[in-house]
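The structure appears below as structure tokens.
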Number of protein chains: 2
Amino acid sequence: MLTTKGSDVYDKNVNTRLLKVGFNLKKMEINSNEVARLAGVSRSTVSRVINNYSNVPLKTREKVLKAIKELNYFPNVSAQMLAGKKSRTIGLFMVSSGEIAVDVLTNMMIVSVIESASDLNYYVLTYIIRDASDEGTINNVREMFYQRRIDGGIFIGTKHDEAFVDDLVKQGFIVGVFDQEHPAERVPNRIVANFNNESGMKQAIAYLLGLGHRDIGIINGDRQRLSGIEKYEGFLSAMRQQGLPVHEQWVLNGDFSEQAGYEAMQHYLRRSGADAARPTAWVAANDSIAFGAIRALREAGLLVPEHVSVIGFDDHVLSEKHNPPLTTVRVDFKQLFKDLMQMVIAQIEEQSDAVKEVAYDCTLIIRQSCRRLD
Amino acid sequence: MLTTKGSDVYDKNVNTRLLKVGFNLKKMEINSNEVARLAGVSRSTVSRVINNYSNVPLKTREKVLKAIKELNYFPNVSAQMLAGKKSRTIGLFMVSSGEIAVDVLTNMMIVSVIESASDLNYYVLTYIIRDASDEGTINNVREMFYQRRIDGGIFIGTKHDEAFVDDLVKQGFIVGVFDQEHPAERVPNRIVANFNNESGMKQAIAYLLGLGHRDIGIINGDRQRLSGIEKYEGFLSAMRQQGLPVHEQWVLNGDFSEQAGYEAMQHYLRRSGADAARPTAWVAANDSIAFGAIRALREAGLLVPEHVSVIGFDDHVLSEKHNPPLTTVRVDFKQLFKDLMQMVIAQIEEQSDAVKEVAYDCTLIIRQSCRRLD
DNA sequence: CTGAAAGCGCTTACAG
DNA sequence: CTGAAAGCGCTTACAG
């Protein structure tokens, strides 16, 4: 009964006709033929109007536009593509193991990419790579390019030198990557955007030095990723520059998650014992790590910044609201992804053929998680 | 020089040939003709292998498969679609005004939808709707359906009775919605998934009653959305059932964000004055609101749960780690989106023609943000 | 079991 | 300025 009623409504109000083809009912969409007929022109002319050809007189143009509107016609994308148009779709490949998925940053990056594309009238097909070493997963990624589902792809969270990305570049596909090094062989179809992580980390250390800290530890992020490597190098370089020792026990490792920061710090505190010499300040490879580390410190009865100073990286949306408000190095993800998307699309639309590699500066944001030593 | 080198590398390693067409260089992909030639069969047979037709002898099948592998061939999706195949792409339409975008929930929902699709070998095209009342935005949404970019769409965060969604359903497109009421006219191409918000809210109130609370306030979410409406109704119904009064001043309004919770509570505290009769417990329409409210309470010197009890909704990933750990009503987004996706795809693949409406139960999770009154 | 051929709905040189 | 026609790369009845 319900179903019958449903079907009934369907037949009456639907903007499609049912056509008997063999033994199947096939839904026919409005196509350019019908628009042409209604407007009294040929399909060629309809196409010219849709594609904004200059040699269509205003009069004709208006007739066609009217017919398009009247029939609620939208050109079939597959047919357009088959005839040589682009898909106007960008693949977004986000490497994200389980825990990271809950990170606010992931969301922000996804949304930034989607909106940047949307502003340029492009669509985004998102694919989550849970395990970049899984053969099947990588094959799915490659497939999206080869099938021509997408005009290009943006990769986030890959290792600094992921081989399958290199492959795609070699095949001539247009690829934008965040947080990867630009390999020696530079080609215009590989666009690279990074932050100046070293410089950012150096700012953090400079600030701590200014506050009188000399015993500084670091909680690293994923050192398979370029930013993980660079931040650590910035730290080493700044410490070395100042003639300060880097204590091996004060170099903590993990990935870029809150949980990793928590565990690394908890582990360190247990291992080091209460009367060991401990850093007076920690720099974390990102804010999530800093949150986790602060949680572990608090659980051990150590207050930030009273007992120990902590500085983050990213300026996560929650950093300002954190207790204590987190001193951190701000990084402009939105701008970066906007520019990266714009460069990728320029390459797709053949507006440029330059090798593109950009690096964005970061800026220290002072809040209340560090204290001056006296 | 660099560019020259780039081009050189390109020509040598690339799996494409350059073909002179008029004055343009056109890249030619491997197509089924070349596979057919290499395998010594016709394109028909290649297609039959790709589409797993049963009437291809193993021998032939293997020859073709070998050629496909050798040429690294992937069928062109546009051609397949034009010949009648589906796009295997689902549109994800996420209504999200600026502030909400930073919410962890948004991320979780997006990722849940994408992964559910991925498990079924489908792709997701995500579109962010910043303003559902904007004509241009809605036209973009409709366009995606009419252009046949997607086989169906899932809507999250729409108003409970959004008209353009109804329109799409009426046009026969397959639509899955979360948090919308199923209108009187039920059709199999509209699939609805909700939580039992009323029952969830009643559990929250029941728990507070058990702790001895009788003066209970509510901080509502967006009441343009079904969940906002239902949670409030659950609250009213539970209070009425118990013969407890609902004080107008104890009904706070906003949207589903942390900021709204913060502002609503801050505003209430200012307005009510310290010696006014205040609720001993608040229920919030979601956890983000609860976080914001707790922040405002703390700033006013009121501790949770010592001075006032607060209960949330959703069981946000941060709720457990919150200080204090938040008592809340847990809701299983992952399961819901997985099932919703599965139902939408079943409809696309014509595996079912039933009217689909499902509602998932919620469960109270007791932590430490509520205290027993004595 | 398998090939030749029509057809999907566009775009775009080509010819006028 | 505009129409007829070829072509994009598939799938699938049809005929054998």
Original post:
Filter the range A:98-133 for residues that are polar (S, T, N, Q) and in contact (Cβ under 8 Å) with a residue 24 or more places away in the chain; which is farthest from the other protein chains (Cβ to nearest Cβ)?
Top reply: A:S116
**OP:** Scan B:V113, B:V64 and give me the residue that is away from DNA strand C (no atom under 16 Å from the Cβ), among the hydrophobic types (A, V, I, L, M, F, W, C), buried (at least 22 other Cβ atoms within 10 Å of the Cβ) and over 21 Å from A:S78 (Cα atoms).
**Re:** B:V113
Original post:
Filter the range B:134-153 for residues that are more than 19 Å from A:R149 (Cβ to Cβ) and hydrophobic (A, V, I, L, M, F, W, C); which is nearest to the other protein chains (Cβ to nearest Cβ)?
Top reply: B:V141
Subject >> Total residues in the range B:69-79, condition more than 8 Å from chain A (Cβ to nearest Cβ) and polar (S, T, N, Q) >> reply: 0
**OP:** Sort out which residues of the range B:188-204 are β-branched (V, I, T) and buried (at least 24 other Cβ atoms within 10 Å of the Cβ), and write them in order of number.
**Re:** B:I191
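A quick yes/no check of all residues on (1) surrounded by 23 or more Cβ atoms within 10 Å (Cβ to Cβ); (2) within 14 Å of another protein chain (Cβ to nearest Cβ):
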residue	(1), (2)
B:K334	no, yes
B:L340	yes, no
B:S352	no, yes
B:L364	no, no
Subject >> Odd one out for B:S116 among (1) away from DNA strand D (no atom under 16 Å from the Cβ); (2) farther than 30 Å from B:I289 by Cα; (3) among the polar types (S, T, N, Q) >> reply: (2)
Original post:
Looking at (1) out of contact with any strand residue (DSSP E or B) (no Cβ under 8 Å at 6 or more places or on another chain); (2) closer than 18 Å to A:R330 by Cβ; (3) surrounded by 22 or more Cβ atoms within 10 Å (Cβ to Cβ), can you tell me which one A:D222 breaks?
Top reply: (2)
**OP:** Tell me, please, whether a residue that is at pLDDT below 95, out of contact with any strand residue (DSSP E or B) (no Cβ under 7 Å at 6 or more places or on another chain) and not assigned by TED's automatic domain parsing to the domain that holds A:L226 can be found in the range A:354-369.
**Re:** yes
Original post:
With (1) surrounded by 19 or more Cβ atoms within 10 Å (Cβ to Cβ); (2) part of a helix (DSSP H, G or I) as the list, and A:I150 as the residue in question, which single condition is left unmet?
Top reply: (2)
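If you take the residues of the range A:46-61 that are surrounded by 13 or more Cβ atoms within 10 Å (Cβ to Cβ) and hydrophobic (A, V, I, L, M, F, W, C), which of them is farthest from the other protein chains (Cβ to nearest Cβ)? Reasoning before the result, please.
Taking the range A:46-61 as the starting set, the residues that turn out to be surrounded by 13 or more Cβ atoms within 10 Å (Cβ to Cβ) are A:46-50, A:56, A:60-61.
Subsequent filtering for residues that are hydrophobic (A, V, I, L, M, F, W, C) retains A:46, A:49-50, A:56.
On the way: A:V46: 15, A:V49: 17, A:I50: 12, A:V56: 22 Å.
That would be A:V56.
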**OP:** Give the range B:175-186 a look and list any residue that's surrounded by fewer than 24 Cβ atoms within 10 Å (Cβ to Cβ) and within 14 Å of another protein chain (Cβ to nearest Cβ), or say none.
**Re:** B:H182, B:P183, B:A184, B:E185, B:R186
Original post:
Is it true that A:R43 is loosely packed, with under 15 Cβ neighbours inside 10 Å, under 18 Å from A:N76 (Cβ atoms), more than 8 Å from DNA strand C (Cβ to nearest atom) and away from chain B (no Cβ under 14 Å)?
Top reply: no
**OP:** Output the residues belonging to the range A:291-325 that are away from chain B (no Cβ under 14 Å), small (G, A, S), in a loop (DSSP other than H, G, I, E, B) and in contact (Cβ under 8 Å) with a residue 40 or more places away in the chain.
**Re:** A:G312
Original post:
In the range B:40-69, which residues are more than 13 Å from DNA strand D (Cβ to nearest atom) and of a type outside the set (D, E)?
Top reply: B:G40, B:L58, B:K59, B:R61, B:K63, B:L65, B:K66, B:K69
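Could you list, in sequence order, all residues of the range A:174-198 that are part of a loop (DSSP other than H, G, I, E, B) and closer than 20 Å to A:D134 by Cβ? Explain how you work it out, then say what you get.
Restricting attention to the range A:174-198, the residues satisfying the condition of being part of a loop (DSSP other than H, G, I, E, B) are A:174, A:179-189, A:196.
Within the range A:174-198, A:Q180 is the sole residue that qualifies.
Could we say that B:P245 is more than 14 Å from every other protein chain (Cβ to nearest Cβ) and not in a helix (DSSP H, G or I) here? Walk me through it before giving the result.
Values: more than 14 Å from every other protein chain (Cβ to nearest Cβ): yes; not in a helix (DSSP H, G or I): yes.
So B:P245 fits the description; yes.
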Original post:
If you check B:A117, B:A101, which single one turns out to be assigned to a helix (DSSP H, G or I), at pLDDT 95 or above and closer than 23 Å to A:Y122 by Cβ?
Top reply: B:A117
Original post:
Name the pairs: first residue in the range B:20-37 and more than 13 Å from chain A (Cβ to nearest Cβ) and at pLDDT 50 or above, second residue assigned to a helix (DSSP H, G or I) and loosely packed, with under 10 Cβ neighbours inside 10 Å, Cβ to Cβ under 9 Å, at least 6 apart or on different chains?
Top reply: none
**OP:** Can you tell me which residue within the range B:67-98, out of those that are charged (D, E, K, R) and within 16 Å of DNA strand C (Cβ to nearest atom), is surrounded by the fewest Cβ atoms within 10 Å (Cβ to Cβ)?
**Re:** B:K85
Subject >> Cβ-Cβ under 7 Å pairs, at least 6 apart or on other chains, the range A:54-74 side over 21 Å from B:E143 (Cα atoms), far side in a helix (DSSP H, G or I) and more than 16 Å from DNA strand D (Cβ to nearest atom) >> reply: none
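The values are calculated or read from the model by the stated rules, or taken from the named source; none is laboratory data. Everything numeric here is computed off the predicted structure, so don't read it as measured data. No Cβ is skipped: glycine too gets one built from the backbone with ideal geometry, and neighbour counts run over all protein chains shown.
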